[in-house]
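Below you'll find the structure, written out as structure tokens, and then a few comments.
Any read-out appearing in this document is the output of simple, stated calculations on the displayed coordinates, not a laboratory observation. None of the values given here were measured: they were computed from a predicted structure. A quick note on method: Cβ atoms are made from the backbone with ideal geometry, for glycine too, and the neighbour counts reach across all protein chains shown.
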Amino acid sequence: MLERRPNNAHLQITHEKDLAKVLKNALKLNEILFLPCGGGDVIAAAREQWNDGSNTLAVAPGVVMTYDRNYLSNDMLRENGIKVIEVPGSELVRGRGGPRCMSMPVWREGI
């Protein structure tokens with residue numbers, strides 16, 4: 001993980017291996033909780049990642065959209081106070097990608 005910070009007139013780039021530390025710093029948080037896809041179960045995690053369980057779209061603070069087929073990940077999100085809007089995706093998932101991928105614009109203006 002590379003992190004860049006303004007340092008007076010120069011840009012400072014540092015290398016940090018601890019993702020939690022980088023995210024807490026960037027988001028100005030004291031703590032951060034990672035919720036593993038499939039609830040941390042190795043077999044369920046592989047299945048639900050294949051079914052785009054980690055491709056979840058945040059639509060508002062504490063509200064996400066994800067496929068209904070990832071029941072362990074969805075239950076874990078709910079257990080952690082997140083409202084989950086489930087999308088039936090038996091046909092959509094064939095094209096690969098989940099709700100987050102499908103929300104990306106096809107055309108973007110130049111930056």
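For residue 85, the residues whose amide H sits under 5 Å from its own are 64, 65, 66, ignoring neighbours fewer than 5 places away on the same chain, with H placed 1.01 Å from N.
The modelled label-to-label distance between residue 24 and residue 75, using points 7 Å beyond Cα along the C-beta direction, is 3.0 nm.
Near residue 32, once Lys and Arg are set to +1 and Asp and Glu to -1 for all other residues with Cβ below 12 Å from its Cβ, the sum equals +1. I need the chymotrypsin sites (Phe, Trp or Tyr not before Pro) found in the range 26-86, filtered to DSSP loop residues with at most 16 other beta carbons within 10 Å of theirs. In loop regions of the range 26-86 (DSSP not H, G, I, E or B), the sparsely surrounded chymotrypsin sites (Phe, Trp or Tyr not before Pro) are 34.
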